[in-house]
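Trainee: Just dropping this structure here.
The values are calculated or read from the model by the stated rules, or taken from the named source; none is laboratory data. Values in this document were obtained by computation on a predicted structure and should not be read as measured data. A quick note on method: Cβ atoms are made from the backbone with ideal geometry, for glycine too, and the neighbour counts reach across all protein chains shown.
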Amino acid sequence: MSFNLRKLGMSFQWRLKLKSVVPILFLLTFIGVIVLDTFAPALAQFPAPQPIPPIPQFPGQQPVPQPQFPQPVPLPVPLPQSPQFPPAETDGLPQPVPQPVPQPVPQPVPQPVPQPVPQPVPQPQPVPQPVRRVQRPGQEIRGVWMTNNDLDILRDRTKVGEAMDKLRRLNFNTVYPVVWNSGYVMYPSAVAQRAEIQPFVYKGTDGHDIIADVINQAHRRGLLAIPWFEFGFMAPETSELALNHPEWLTRKRDGSQTSISAAGEVAWLNPFHPEVQRFISDLVLEIVTKYDADGIQFDDHMSLPREFGYDRYTVSLYTQETGNPPPANHQDQAWMRWRADKITAFMLQLNQAVKARKPNVIFSVSPNYYDFAYKFQLQDWLNWVRLNIVDELVMQVYRDDLNSFTAKLTRPEILETQQLNIPTGIGIMAGLRTRRIPIQQIKSQVFAAKQRGLGVAFFYYESLWDTGPEDPGQRQQGFQAIFPSPALRARAD
């Protein structure tokens with residue numbers, strides 16, 4: 001009992017003490033709230049603590065992104081509608097299962113099909129028949145070619161006059177100025193302009209027509225002037241002619257269009273194509289008509305290397321005429337004969353057109369020796385002689401060895417041409433800028449030709465005096481000894 005009273009007394013005392021402390025605790029709480037509220041704006045100035053960032057990781061080499069090209073956007077196709085099923089109230093009857101309605105598939109818009117360039121229809125050509133050749137008295141040819149290397153002379157009236165005086169004094173009688181070279185003409189040509197080919201060089205230093213000037217000044221000295229159609233069917237592949245008229249070019253069986261020649265890498269006009277034949281014919285007739293020329297000369301490039309003729313037009317023409325495609329072997333005898341005969345047929349037509357314009361003009365030919373010309377260039381010039389379309393022959397024999405040179409002078413084709421009383425000469429190399437030929441070699445070859453009744457023509461004018469190992473005076477003395485007396489050729493009326 002006493003123990004309980006003691007516990008009660010202690011509890012009462014503790015409550016009295018707690019009551020006395022409560023007011024003090026309340027006061028402290030009130031003061032703390034006021035103080036914290038006052039410092040809240042200041043505490044807000046300090047950022048909250050941030051976590052420590054991890055150690056940066058550097059990326060490895062990343063693949064280069066590929067460009068994304070836009071994908072074609074398909075035409076919108078309407079989505080099929082969801083099938084509608086019948087309501088549940090079907091009165092117990094079976095209902096058909098609805099099918100989705102088929103939607104039309106978009107069709108591609110038809111595009112126009114590119115049409116190939118129309119090709120002329122191959123036409124068989126008639127078999128050439130001999131023509132009546134103008135009979136001329138035998139005349140010794142003493143000629144010289146005037147090439148692009150001679151342009152410094154050809155463009156200057158004074159230098160042309162000096163050149164003609166020198167040739168006349170040394171008893172030359174014929175000049176062959178170039179008019180067609182590298183796919184360009186050397187004179188103002190309406191035919192070339194129609195084919196979108198600009199003249200390469202057609203004005204002299206005085207703005208004059210250089211071909212007209214050369215012809216006129218040659219005639220004043222009693223020399224014949226026969227323009228030289230040098231490149232024939234040959235043209236550089238980078239020329240305007242080849243670039244503007246690719247359908248005019250022929251090709252080899254492997255599809256290539258060029259060959260290597262003395263003029264570098266060249267393409268070849270298709271001699272069987274009617275548009276090519278018309279273009280060449282128009283140029284030749286323009287020269288003969290435009291100028292008071294004594295003739296026109298064609299050299300070894302009025303031909304076609306035997307590897308060519310596999311273009312679409314020629315293949316079609318050959319197949320039409322023979323019933324078979326061309327042989328894979330370009331040396332097949334029938335295939336070679338067919339192409340050579342086509343070139344012969346064109347030359348016959350060209351001769352007839354020239355003679356119709358000027359009957360007495362000289363149709364001159366300057367090929368390689370016959371075996372080479374036919375077997376490698378399909379140039380059957382002996383057949384041209386037999387068809388009476390050759391009024392003058394100058395066969396090129398460019399040899400340093402005298403025995404090799406002389407052997408070509410007695411070939412059967414030379415003898416046959418001489419027997420027909422056709423003026424016949426031999427082309428002799430007088431030198432090149434990179435090939436200096438001594439005057440003694442030139443004299444030996446001229447005398448060998450003269451002993452066989454043959455004339456000569458030299459390639460080319462500048463090399464006669466300016467590119468030899470001797471000084472120009474010595475070389476002129478050498479030519480004076482070669483032609484000690486005149487041998488003028490009569491002009492055709």
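Trainee: If I ask for residues that are among the polar types (S, T, N, Q), more than 30 Å from the chain's Cα centre (by Cα) and not in a loop (DSSP other than H, G, I, E, B), which ones from region 318-332 would you list?
Mentor: Selection gives THR322 alone.
Trainee: Between ILE428, ILE442, ILE422, which is farther than 20 Å from LYS166 by Cα, of a type outside the set (Ser, Thr, Tyr) and either part of a loop (DSSP other than H, G, I, E, B) or in contact (Cβ under 8 Å) with a residue 24 or more places away in the chain (or both)?
Mentor: Selected residue: ILE422, the only one of ILE428, ILE442, ILE422 that is farther than 20 Å from LYS166 by Cα, of a type outside the set (Ser, Thr, Tyr) and either part of a loop (DSSP other than H, G, I, E, B) or in contact (Cβ under 8 Å) with a residue 24 or more places away in the chain (or both).
Trainee: Residues ALA235, ALA267, ALA225: which one is touching a helix residue (DSSP H, G or I) at 6+ places or on another chain (Cβ under 8 Å), within 21 Å of THR158 (Cα to Cα), modelled with pLDDT of 95 or more and among the small types (Gly, Ala, Ser)?
Mentor: Just one listed residue meets the conditions, ALA225.
Trainee: Between residues in region 150-175 that are under 20 Å from TYR202 (Cβ atoms) and touching a residue at least 24 places away in the same chain (Cβ under 8 Å) and residues that are in a helix (DSSP H, G or I) and β-branched (Val, Ile, Thr), which pairs lie under 6 Å by C-beta distance while being six or more apart or on different chains?
Mentor: Within 6 Å, the pairs are LEU154/ILE210; ARG155/ILE210; VAL160/VAL214; ALA163/ILE153.
Trainee: Still on this structure, I have one more. Consider ARG491 carefully, then state whether it is surrounded by fewer than 21 Cβ atoms within 10 Å (Cβ to Cβ), under 23 Å from VAL160 (Cα atoms), touching a residue at least 24 places away in the same chain (Cβ under 8 Å) and not hydrophobic (A, V, I, L, M, F, W, C).
Mentor: Details: surrounded by fewer than 21 Cβ atoms within 10 Å (Cβ to Cβ): yes; under 23 Å from VAL160 (Cα atoms): yes; touching a residue at least 24 places away in the same chain (Cβ under 8 Å): yes; not hydrophobic (A, V, I, L, M, F, W, C): yes.
Yes; evaluated as a whole, the condition is true for this residue.
Trainee: Right, here's the next one. Against the conditions (1) surrounded by fewer than 19 Cβ atoms within 10 Å (Cβ to Cβ); (2) more than 17 Å from the chain's Cα centre (by Cα); (3) part of a loop (DSSP other than H, G, I, E, B), where does MET302 fall short? Just the number, please.
Mentor: Every listed condition holds for MET302 apart from (1).
Trainee: A further question follows. Name the pairs: first residue in region 331-353 and closer than 17 Å to ALA373 by Cβ, second residue assigned to a helix (DSSP H, G or I) and among the hydrophobic types (A, V, I, L, M, F, W, C), Cβ to Cβ under 6 Å, at least 6 apart or on different chains?
Mentor: Listed pairs, sorted by first residue: MET347/TRP384.
Trainee: Would you mention how many residues in region 460-477 are surrounded by fewer than 20 Cβ atoms within 10 Å (Cβ to Cβ) and either in contact with a Gly (Cβ under 6 Å, 6 or more places away or on another chain) or of a type in the set (Gly, Ala, Ser) (or both)?
Mentor: 2
Trainee: Looking at ALA242, is it surrounded by fewer than 24 Cβ atoms within 10 Å (Cβ to Cβ), without any contact (Cβ under 8 Å) to a residue 60 or more places away in the chain and touching a Gly at 6+ places or on another chain (Cβ under 8 Å)? Walk me through it before giving the result.
Mentor: On the way: surrounded by fewer than 24 Cβ atoms within 10 Å (Cβ to Cβ): yes; without any contact (Cβ under 8 Å) to a residue 60 or more places away in the chain: yes; touching a Gly at 6+ places or on another chain (Cβ under 8 Å): yes.
The answer is yes for ALA242.
Trainee: Moving to a separate point now. Scanning region 262-299 for residues that are without any contact (Cβ under 8 Å) to a residue 40 or more places away in the chain and within 29 Å of ASP213 (Cα to Cα), which turns out surrounded by the most Cβ atoms within 10 Å (Cβ to Cβ)? Reasoning before the result, please.
Mentor: Here is the first cut: in region 262-299, the residues without any contact (Cβ under 8 Å) to a residue 40 or more places away in the chain are 262, 264-267, 269, 278.
Still in the running and within 29 Å of ASP213 (Cα to Cα): 262, 278.
Numbers: ALA262: 8, ARG278: 11.
Only one residue fits best here, namely ARG278.
Trainee: Looking only at region 438-459, how many residues end up being surrounded by fewer than 21 Cβ atoms within 10 Å (Cβ to Cβ) and either farther than 27 Å from LEU415 by Cα or polar (S, T, N, Q) (or both)?
Mentor: Here the count works out to 5.
Trainee: Take region 305-317 and flag every residue that is touching a Phe, Trp or Tyr at 6+ places or on another chain (Cβ under 8 Å) and either without any contact (Cβ under 8 Å) to a residue 24 or more places away in the chain or assigned to a loop (DSSP other than H, G, I, E, B) (or both).
Mentor: The answer is PRO305, ARG306, GLY309.
Trainee: Now a separate question. With the checklist (1) surrounded by fewer than 14 Cβ atoms within 10 Å (Cβ to Cβ); (2) part of a helix (DSSP H, G or I) in hand, flag the one item PRO484 doesn't pass.
Mentor: With respect to (1) surrounded by fewer than 14 Cβ atoms within 10 Å (Cβ to Cβ); (2) part of a helix (DSSP H, G or I), PRO484 is out only on (2).
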